[in-house]
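Novice: Sharing a structure with you now.
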Amino acid sequence: MTSRSEGLPLEPLWQAPETVATDGVEARGGLMPPALAERFPGDLAVGLVPERPTVIANFVSSVDGVVALGPSEPAAGGGEISGFSESDRFMMALLRGIADVVIVGAGTVRVGSRHEWTPRRVQPALAEAFAAWREELGLSAQPTTIVVTASGNLDPAHPGLSASDVPVIVATTPAGAARLNSRPLPANMKVEAISCGDRVPAGAILELAQRTGARLALCEGGPHLFGELLAARLVDELFLTLAPQVIGRDANLHRLALVEGTSFGEGRGRWSKLTAVRRAGDDLFLRYRFEP
Ligand SMILES: NC(=O)c1ccc[n+]([C@@H]2O[C@H](COP(=O)([O-])OP(=O)(O)OC[C@H]3O[C@@H](n4cnc5c(N)ncnc54)[C@H](OP(=O)(O)O)[C@@H]3O)[C@@H](O)[C@H]2O)c1
C-alpha cells in the first residue's frame, strides 16, 4: 500500500497556550535539525517531571478506535492500523529520537518479528539527522529498549533485540529470567528479574528505567502494558495518531486501554487534556496530557 502522506509536513493546527514551554520548566526536545524541522514545523518539547522518568506513550488508532488486530490475523502490527502511514512513522521516530528508553510489552515484540525500537528503523533516510539531534541533546546514540515479559517467552536472536549498538533490558519475573538465561543471550541484552510475583509492577519498570539514568521513557504499547502504566497513574502524555481507516468491529480487536484482564483501579475514568493537534494528509496527530 502506498503511504497517503509520504513526506508531508505534520502541519500544526492548534496548540493549547499553556503547553508552550516557559522559562524554568525542564523540558526534553526543542529545536531540531533542519531536515526534521521541515517535517515538524515548530518544536517538540516534553516537560520533565523531577521525581521519576516522565512517561509518554505513542499509539496509532483507526477512526473506529482499534489499535490492534486479533492474534489470528496473518499480519497484526501497528502498520496495518496506520495503513503504513509514512507520517505516522515520522512521528514514531521523533518520539524515539528524544527518549532515553522505549518500553514495549512482549506481545508487541512477538508480533513485530523484524522490528527495532529506534528512530533509524522507522525513518532510515533521516537516521543521520536523528543521530545528530540526539548528540546535540546529550543523549546516547540509541534509546535503550526495555521489554516487559512475565513468561520470558522472547527470542534473544530477534533482530530488534540483538543489534550490538542498541542496549536491551528485559524486565521480567524470576521465572522469565530463568527461561531467558537458559539460552545464549546477545552481548547487548541484560535480563533483570524485578518482580517477586507473576507480573512486573508498573512502578518497578519505571524504577528500572530510572536506574539507567532515564529522564524520558516512551511507551509504545501494546495495549496491555499501556493499560497497566495508566492504571498506576504513571503516564504523563499520550501521542495518538488517528488514521483514516475503518477496521470494523470484531470481538478479537483491542481498543486502546480497554483491555480484558487489566484492572484499571483508580486509572479508570481518568480524563486527559487535549494539548496539540497536527495534520498530515488525512492523518491526525493528537497530543493529550494526563493530570497527576
Ligand atoms: N496501534 C498501535 O500503536 C500499537 C502499539 C503497540 C502494539 N500494538 C499491537 O498490540 C498488539 C499486542 O497487544 P498486547 O496488549 O498483547 O501487547 P503487549 O502489552 O505488548 O503484550 C502483552 C504481553 O506483554 C507482557 N507484559 C505486559 N505488561 C506486563 C507486566 N506488567 N508484567 C509482566 N508482563 C507484562 C506479557 O508478556 P508474556 O506473555 O511474555 O508474559 C503480556 O502477555 C499487537 O498486535 C501490536 O501490533 C499496536
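Novice: Just one of 218, 161 is within 15 Å of the ligand (Cβ to nearest atom), surrounded by 22 or more Cβ atoms within 10 Å (Cβ to Cβ), of a type in the set (A, V, I, L, M, F, W, C) and closer than 21 Å to residue 56 by Cβ; which is it?
Specialist: 218
Novice: So, restricting to strands (runs of 3 or more DSSP E) that lie completely within the range 207-284, which ones have at least 1 residues that are at pLDDT 95 or above and of a type in the set (Val, Ile, Thr)? Explain how you work it out, then say what you get.
Specialist: Values: elements: 216-219, 237-243, 272-280.
Filter on the range 207-284 gives 237-243, 272-280.
Novice: List the pairs whose first member sits in the range 1-30 and is at pLDDT 80 or above, whose second member is part of a strand (DSSP E or B) and among the small types (Gly, Ala, Ser), and whose Cβ atoms are under 6 Å apart, counting only residues at least 6 apart or on separate chains?
Specialist: If the second residue must be part of a strand (DSSP E or B) and among the small types (Gly, Ala, Ser), the pairs left are 8/280; 10/280; 15/276; 27/45; 27/47; 29/45; 30/45.
Novice: Among the residues of the range 79-110, write down those that are within 9 Å of the ligand (Cβ to nearest atom) and in a strand (DSSP E or B). Show your work before the answer.
Specialist: In the first step, residues of the range 79-110 are kept if they are within 9 Å of the ligand (Cβ to nearest atom); the result is 79-82, 88, 92, 104-110.
104, 105, listed by residue number.
Novice: Still on this model: Return the residues of the range 191-211 that are among the aliphatic types (A, V, I, L, M) and more than 10 Å from the ligand (Cβ to nearest atom); say none if nothing qualifies.
Specialist: Matches in the range 191-211: 191, 193, 206, 208, 209.
Residue-wise test of (1) in contact with a strand residue (DSSP E or B) (Cβ under 9 Å, 6 or more places away or on another chain); (2) at pLDDT 95 or above; (3) crowded, with 19+ Cβ neighbours inside 10 Å; (4) among the aromatic types (Phe, Trp, Tyr).
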{"position": "70", "(1), (2), (3), (4)": "yes, no, no, no"}
{"position": "87", "(1), (2), (3), (4)": "yes, yes, yes, no"}
{"position": "90", "(1), (2), (3), (4)": "yes, yes, yes, yes"}
{"position": "101", "(1), (2), (3), (4)": "yes, yes, yes, no"}
{"position": "138", "(1), (2), (3), (4)": "no, yes, no, no"}
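Novice: Now for a different question. For residue 241, indicate whether it is within 20 Å of residue 117 (Cα to Cα), within 9 Å of the ligand (Cβ to nearest atom) and free of Cβ contacts under 8 Å to residues at least 60 places away in the same chain.
Specialist: For residue 241, the condition - within 20 Å of residue 117 (Cα to Cα), within 9 Å of the ligand (Cβ to nearest atom) and free of Cβ contacts under 8 Å to residues at least 60 places away in the same chain - is not met.
Novice: Collect the residues in the range 197-206 that are touching a residue at least 40 places away in the same chain (Cβ under 8 Å) and not in a helix (DSSP H, G or I), keeping them in residue-number order. Before you say what the answer is, go through the steps one by one.
Specialist: From the range 197-206, those touching a residue at least 40 places away in the same chain (Cβ under 8 Å) are 198-200, 205-206; that's our starting set.
Listed by number, the residues that qualify are 198, 199, 200.
Novice: Does the range 173-190 include one or more residues that are part of a helix (DSSP H, G or I) and under 21 Å from residue 218 (Cα atoms)?
Specialist: No, the range 173-190 has no match at all.
The values are calculated or read from the model by the stated rules, or taken from the named source; none is laboratory data. In this text the structure is predicted, and so the values were computed from the model without any measurement. Please note: Cβ atoms are built from the backbone with ideal geometry, for glycine as well, and neighbour counts cover all protein chains shown.
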